[in-house]
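Scroll down for the structure; my scribbles are underneath it.
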Amino acid sequence: MEVKFKHTLRYDRKPSSRLALYGLLLVAALTLMLCVRTCSMPTLRVAERHPSGGDTLDVAIEYGPLSLYRYDDTLGGFSYDLLRQLASERGLHLKFHPVVALGDALSGLDEGLFDIVVGAMPMTERYRERYAFTAPVYIDRQVLVQLRDSAGKAPIGSQLDMAGHEVWVMAQSPVADRLHNLASEIGDTIYVVEDPAYGSEQLFIMTATGEIPSAVVNERIARVMAADYPQVDISTAVSFNQFQSWLCRKADSLLVNRLDTIMEAHRQTGGYRELSRRYFP
């Protein structure tokens, strides 16, 4: 009837080293591409992490299939493209800061380095006490990521089967709260490892390659990733559908209200509908 949190995360194993390097290279490449884009898009810039000041909003955006990713020589992602639309149509000045670990983004928000955190962030009561959420951007839920056995069957077939198993999540993610509640519901222990270095995509890959036993990530991200990893099962839901929003500091209520007003108007446009069909068919 408890959740045990393990905080000693980095094991001395070669796959971890490769993934760490992979994550750093991805962020470096994305940062460089965002810098190049400043030549043709003056409202979208990236620089060293310090408050921009003026009317520029610093946006910490999670690297992942729904937020920000690279395909060929182009940057994409539902949240990234949506923010670009808002910047273009509503005169917002944005500076993007790609991040892999959610903890880095939240720490930067707390320290005043960022104004907005964009990523796979469900609304939870504990986080509502700490941060201001924008109006919902989309709806998602969390699923368990695990390898199928030699017969093609998932070892964990339901939430009840998670008792006694080790599950990895992003450090400071609301998903840990959900697993705590789930452990109470099933009356048994779930061993939760909070990883401070990696995001949802990296945890999915670590599970797919057998480096960790399982992970919990958002379903929309898992479905995109599962197309390239047929050995992975994502059929076990860990939560109900939840609103996914962007985060701001509690003191920035005016910014939240401004974003909500802009988003409400933008939902009625053809650009938003086309974007939704592209990413959420």
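The values are calculated or read from the model by the stated rules, or taken from the named source; none is laboratory data. Just so it is clear, the structure is predicted and the values come from calculations on it, not from any experiment. All Cβ positions, glycine included, derive from the backbone under ideal geometry; neighbour counts span all protein chains shown.
For this structure, a couple of remarks:
- Residue in segment 94-140 that is modelled with the highest pLDDT, counting only those that are among the hydroxyl-bearing types (Ser, Thr, Tyr) and over 21 Å from residue 80 (Cβ atoms): 107
- Every test in (1) touching a strand residue (DSSP E or B) at 6+ places or on another chain (Cβ under 6 Å); (2) free of Cβ contacts under 8 Å to residues at least 60 places away in the same chain; (3) within 14 Å of residue 245 (Cβ to Cβ) is passed by residue 123 save one, and that test is (2).
- Selection count where residues are of a type in the set (Val, Ile, Thr) and either under 26 Å from residue 281 (Cα atoms) or in the same structural domain as residue 221 (by TED's automatic domain parsing) (or both), scope segment 51-99: 2
Per-residue answers, yes or no, for (1) of a type in the set (A, V, I, L, M); (2) surrounded by fewer than 17 Cβ atoms within 10 Å (Cβ to Cβ):
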{"position": "232", "(1), (2)": "yes, no"}
{"position": "241", "(1), (2)": "no, yes"}
{"position": "245", "(1), (2)": "no, no"}
{"position": "253", "(1), (2)": "no, yes"}
{"position": "264", "(1), (2)": "no, yes"}
{"position": "268", "(1), (2)": "no, yes"}
{"position": "273", "(1), (2)": "no, yes"}
{"position": "278", "(1), (2)": "no, yes"}
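- Among the residues examined, residue 199 qualifies as outside the structural domain of residue 80 (by TED's automatic domain parsing), in contact with a Phe, Trp or Tyr (Cβ under 7 Å, 6 or more places away or on another chain) and of a type outside the set (Lys, Arg).
- Within segment 104-153, being of a type in the set (D, E, K, R), closer than 25 Å to residue 276 by Cα and assigned to a loop (DSSP other than H, G, I, E, B) holds for 115, 141.
- Residue that is modelled with the lowest pLDDT, among those in segment 175-207 that are more than 21 Å from residue 117 (Cβ to Cβ), among the β-branched types (Val, Ile, Thr) and part of a helix (DSSP H, G or I): 186
- Test for residue 172: is it part of a strand (DSSP E or B), outside the structural domain of residue 58 (by TED's automatic domain parsing) and of a type in the set (S, T, N, Q): no
- Looking across segment 208-247, the residues that are under 15 Å from the mean Cα position of the chain (by Cα), in a strand (DSSP E or B) and not β-branched (Val, Ile, Thr) come down to 215, 218, 242, 243, 244, 247.
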